Amino acid sequence: MKKILLSFLLAVPILGYAQSYQVNLQGQKQTAMGGAGTGVALDEAAVFFNPGAVSFLKKNGVQAGGSAIFLKAAFRENGSNITEYTKEKLTVDPSVYAVFGNPNNRLRFGLGVYVPFGGAVHWDPNWTGKYTVTSLDLQAIYVQPTLSYKITDHIGIGAGFVYTNGKVDLKRGVPLTLNDGTSATAQLKGHSNDFGWNAGIYVETVSGVTIGVTHRSQVTAQVKDGDAIFKVPQALQDGFPTKFSANLPLPATSSIGLGFYPSSKTIIAVDANWVHWSKYKVLAFDYNNNSRIPNTSSPRNYHDGGALRIGIQNMATERLALRLGAAYAFTPVGKGYVTPEVPDANRILLSAGLGYKASERFSIDLSFLYENVKSRNETNIETNLSGDFKTVAYIPGIALSYKW
């Protein structure tokens, strides 16, 4: 039993945002264009996509919106003909941006509140992998005040300080039976408050092509005195931990983007993102009670991952904008490390959307993103959970903006 419990804790991904949970929904225009936005100055969401482009926005403005994530994952154990599915669970990722300062001056200010990491996975409490995970809810909210300065009429730089607030709630089964005949369970809950930064440069070339380069720093999520809640037989309760601490690197991301303008009505954006997941080598836990569960150190050995994105915006009329996009993302999760909390693989993303300018100041933007994570047959090296994973996500979004 001790060996099973140890395997249980080794696999817990406290704030473990693999590619599956590094969501790219920080702007509705950009989401509708495949997530591309580093090399174009589209709107206030440039605070996230490229702080250097903020000083090139022609107006001040505020926008608020969000995306609803409908994720469906499936698992079929090797040797079985039964497919198990996650429960339907809606997750909402909000975002708010503001840009202000005289548009005729070189210095502009911005503020962003967004969610770059988050998700929800809910399996049946008695599914095949219940000792690995039954449910996981996590979210990291970033707050980013930003300065952007136009060095020349064609070059802008910008940077933002990032404060993050993260939370996680994970539940699993424990291979013990309670007095009432039900299965024992474990719940791990924690919060983190950490810091990072975001910086970028934006260039308008003589040919009319725009170029953006950004780097978002690594944030080390530090969970201290998280709650470890074990519902086990009363006679064993004193031997289980009640608190835990853990550190996890949320990787840095480097991006380069290009903007092309074949006509006054059309914008084509192309991005390449490189995510420094190779920093995620080990997941370690310290517990306040080691009678039954020792401190653990679990190898992850992720490799860097990336994504290629392309999107187009066309002004069908003076008020109506139409958008399309596509992307391909490469998983950082190596063979033997796929888990049902992060059933990750290479993925294809397709998106579409529209924007409507209701007046000179008010506008609404809609987006829809479809993510298809490729099927992957894996045996986890720690839990030995073995089978086929398949995940898809449907993500509609909306944003309202006001400019002056």
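The values are calculated or read from the model by the stated rules, or taken from the named source; none is laboratory data. Computed from a predicted model, the values in this text were never measured in an experiment. Glycine gets a Cβ as well: all are built from the backbone with ideal geometry, and neighbour counts include every protein chain shown. Ligands, DNA and RNA are excluded from the accessible area calculation, which covers all protein heavy atoms including side chains. Shrake-Rupley method; radii C 1.70, N 1.55, O 1.52, S 1.80 Å.
If you scan region 265-296, which residues turn out to be part of a strand (DSSP E or B), aliphatic (A, V, I, L, M) and at pLDDT below 90?
Our first condition is that a residue be part of a strand (DSSP E or B); within region 265-296, this holds for 266-275, 282-287, 296.
Add one more test, that the residue is aliphatic (A, V, I, L, M), and what stays is 267-270, 272, 275, 282-284.
Selection gives 282, 283, 284.
Where in region 115-214 are there strands (runs of 3 or more DSSP E), lying wholly inside it, with at least 2 residues that are among the basic types (Lys, Arg)? Explain how you work it out, then say what you get.
On the way: elements: 135-150, 155-177, 183-204.
Fully inside region 115-214 and qualifying: 155-177.
Report, ordered by the first and then the second residue, all pairs with beta carbons closer than 7 Å, sequence separation of six or more or different chains, a first member in region 20-43 that is at pLDDT 90 or above, and a second member that is hydroxyl-bearing (Ser, Thr, Tyr) and in a helix (DSSP H, G or I).
Matching pairs, first to second residue: 25/31.
Being at pLDDT 90 or above, surrounded by 16 or more Cβ atoms within 10 Å (Cβ to Cβ) and not small (Gly, Ala, Ser) is the filter here; which residues of region 219-230 pass it?
219
Taking region 221-250 on its own, how many of its residues are under 28 Å from residue 117 (Cβ atoms) and acidic (Asp, Glu)? So that I can check it myself, show each step before the final result.
Taking region 221-250 as the starting set, the residues that turn out to be under 28 Å from residue 117 (Cβ atoms) are 221-230, 241-250.
From what is left, the residues that are acidic (Asp, Glu) are 225, 227.
The qualifying residues number 2.
Only residues that are farther than 13 Å from residue 212 by Cβ and of a type outside the set (Asp, Glu): list them for region 24-44, please.
24, 25, 26, 27, 28, 29, 31, 32, 33, 34, 35
With respect to residue 379, determine if the residue is more than 22 Å from the chain's Cα centre (by Cα) and either in contact (Cβ under 8 Å) with a residue 40 or more places away in the chain or buried (at least 16 other Cβ atoms within 10 Å of the Cβ) (or both). Outline the logic, then answer.
Working: more than 22 Å from the chain's Cα centre (by Cα): yes; either in contact (Cβ under 8 Å) with a residue 40 or more places away in the chain or buried (at least 16 other Cβ atoms within 10 Å of the Cβ) (or both): yes.
Yes; evaluated as a whole, the condition is true for this residue.
Can you pull out the residues in region 49-59 that are under 19 Å from the mean Cα position of the chain (by Cα) and open to solvent by 10 Å² or more (accessible area, probe 1.4 Å)?
Hit for region 49-59 is 49, nothing else.
Looking at region 78-94, can you tell me whether even one residue there is modelled with pLDDT of 95 or more, within 23 Å of the chain's Cα centre (by Cα) and either part of a strand (DSSP E or B) or basic (Lys, Arg) (or both)?
No, every residue in region 78-94 fails to be modelled with pLDDT of 95 or more, within 23 Å of the chain's Cα centre (by Cα) and either part of a strand (DSSP E or B) or basic (Lys, Arg) (or both).
Against the conditions (1) open to solvent by less than 10 Å² (accessible area, probe 1.4 Å); (2) touching a residue at least 60 places away in the same chain (Cβ under 8 Å); (3) touching a Phe, Trp or Tyr at 6+ places or on another chain (Cβ under 9 Å), where does residue 192 fall short? Just the number, please.
With respect to (1) open to solvent by less than 10 Å² (accessible area, probe 1.4 Å); (2) touching a residue at least 60 places away in the same chain (Cβ under 8 Å); (3) touching a Phe, Trp or Tyr at 6+ places or on another chain (Cβ under 9 Å), residue 192 is out only on (3).
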